[in-house]
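The values are calculated or read from the model by the stated rules, or taken from the named source; none is laboratory data. Since the model is a prediction, treat every value here as computed from it, not as a measurement. Here the Cβ is made from the backbone with ideal geometry for all residues, glycine too, and neighbour counts use every protein chain on show.
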Ligand code: AMP
Ligand code: MG
């Protein structure tokens, strides 16, 4: 890998990480390279080798390390998590001048592995590759996939499965949990250094810890609204999976909804529905409150004053989220201008979709053609909404069909397609993986494969549960 590494995180003091090399694997095979992304990172795609991407060799300039972080998992605080199966190779500054982490996920056991083998199997690597790249193509901030290798090693889960490693790219891997690790220990000096590092990296205009909290609050409000607008359910919004950068991170049990219902949950470990579709904004605030708690000593030396200031920021979340949500959903029904009744009009549509189990993606995409009666099939559902909608569209000056085509993807990574792709790859056929990447790279266009990939699952194809992909 010919990359101009400049590793700012590795220059922080030792309590932030454990430096170590990846654990070698027997037979690396490079099966996916994201050439476009490599080029943007200033890396010659032809210099990416299976040996380096599998951790058998460390690229020149890289300083592999496991990052320490803590986190609330399903509401329970774990003071030390950290990269248990991932290593940060280092950072590069991309062609736009933005600093990016390059990380190997599945690179073997680390100082922070509590149990487990430090490995990943092919399924979750493919899932993250496809879904994170689809997210990027949808225009939503996310970590990205630079490459993927199989390792030639078996990993033992419920069955024996092929091992794989994903090369992940992120604006940084700093999480809410990164701050919690030092907040919980009362290490204010470390918090200060981490806060300075995060501000310099992500929000250079932010004023101190309170400024950082404000910036992350705004970024998360926008991110979660964007997820809602495409029917995305993250599935495991633990505080160690909420990035300070505002990028989507951790594609373990995530899923895009087919049929719309606000209470939808896929993750097999989310039995209470904590991370259900409609709960995502509330969990966003909850997580930000944990960030605020960690940052309190830096916000004000007077703890009551610190709490007041932090609360004021957190109380701003619902308005930030609400404004972004309605902006995105207005566009989904063809509107750029704002009228008081728009919220009710959107809710009227969503209510009908929920009661008729309409397909989320296809209903909105059909609006661009002016007729979603094929999706809203309950008697009277479409006609009763369409008359109000049409009246509202008549007051809209722009090209409403174009607005809707740009706001409503034709294709999303549907669960049954993702599962089918994984099954094929495990059997040695990577064609569905390649095809899925190709279709999802242009989600707002109608191409030759769109109709096929836009099709919702048949009852027998429906995926009801997703699993944290260790
Ligand atoms: P992740 O799914 O990467 O967010 O991991 C959540 C936590 O479980 C982290 O603390 C990891 O260190 C740990 N973990 C998950 N899978 C493995 C594995 N295969 N080997 C070691 N640790 C793991
Ligand atoms: Mg995680």
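Structural remarks
Residues are listed down the side, and each one gets a yes or a no for (1) more than 30 Å from residue 274 (Cβ to Cβ); (2) away from ligand 2 (no atom under 16 Å from the Cβ):
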| residue | (1), (2) |
| --- | --- |
| 4 | yes, yes |
| 17 | no, yes |
| 20 | yes, yes |
| 37 | yes, yes |
| 48 | yes, yes |
| 51 | yes, yes |
| 66 | no, no |
| 85 | no, no |
| 101 | no, no |
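- Which listed residue is in the same structural domain as residue 89 (by TED's automatic domain parsing), more than 29 Å from residue 80 (Cβ to Cβ) and in a loop (DSSP other than H, G, I, E, B), from 26, 22: 26
- Pair list, Cβ under 8 Å, 6 or more apart: segment 297-319 residue closer than 26 Å to residue 225 by Cα, other residue outside any helix (DSSP H, G or I): 309/300
- Between 269, 283, the distinction of being in contact (Cβ under 8 Å) with a residue 24 or more places away in the chain, part of a loop (DSSP other than H, G, I, E, B) and within 16 Å of ligand 2 (Cβ to nearest atom) belongs to 269 only.
- Filtering segment 122-153 to residues that are closer than 20 Å to residue 51 by Cβ and out of contact with any helix residue (DSSP H, G or I) (no Cβ under 8 Å at 6 or more places or on another chain) leaves 125, 151, 152, 153.
- Taking segment 83-102 as the range and being under 24 Å from residue 267 (Cβ atoms) and either crowded, with 23+ Cβ neighbours inside 10 Å or modelled with pLDDT under 95 (or both) as the test, the residues that pass are 83, 86.
- Of all residues in segment 440-457, those satisfying the criterion of being in a loop (DSSP other than H, G, I, E, B) and touching a helix residue (DSSP H, G or I) at 6+ places or on another chain (Cβ under 8 Å) are 441, 442, 443, 444, 447, 449, 456, 457.
- Selection status of residue 38, in contact (Cβ under 8 Å) with a residue 40 or more places away in the chain, within 25 Å of the chain's Cα centre (by Cα) and part of a strand (DSSP E or B): no
Rundown of residues vs (1) in a helix (DSSP H, G or I); (2) surrounded by fewer than 21 Cβ atoms within 10 Å (Cβ to Cβ); (3) touching a helix residue (DSSP H, G or I) at 6+ places or on another chain (Cβ under 8 Å), yes/no style:
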residue	(1), (2), (3)
263	no, yes, yes
289	yes, yes, yes
308	yes, yes, no
321	yes, no, yes
334	no, no, yes
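- Within segment 339-364, tally of residues that are surrounded by fewer than 21 Cβ atoms within 10 Å (Cβ to Cβ), within 26 Å of the chain's Cα centre (by Cα) and without any contact (Cβ under 8 Å) to a residue 60 or more places away in the chain: 2
- Among (1) over 19 Å from residue 140 (Cβ atoms); (2) touching a strand residue (DSSP E or B) at 6+ places or on another chain (Cβ under 9 Å); (3) within 16 Å of ligand 1 (Cβ to nearest atom), the one test that residue 269 misses: (2)
- Identity of the residue in segment 246-260, within 15 Å of ligand 2 (Cβ to nearest atom) and in contact (Cβ under 8 Å) with a residue 60 or more places away in the chain, that ends up nearest to residue 100 (Cα to Cα): 247
- Residue 445 vs. criteria closer than 30 Å to residue 148 by Cα and within 21 Å of the chain's Cα centre (by Cα): no
- Subset of segment 44-61 that is without any contact (Cβ under 8 Å) to a residue 60 or more places away in the chain and in a loop (DSSP other than H, G, I, E, B) - its residue that is farthest from residue 22 (Cα to Cα): 44
- Only one of the numbered conditions (1) within 20 Å of residue 287 (Cα to Cα); (2) under 18 Å from the mean Cα position of the chain (by Cα) is violated by residue 166, and that is (1).
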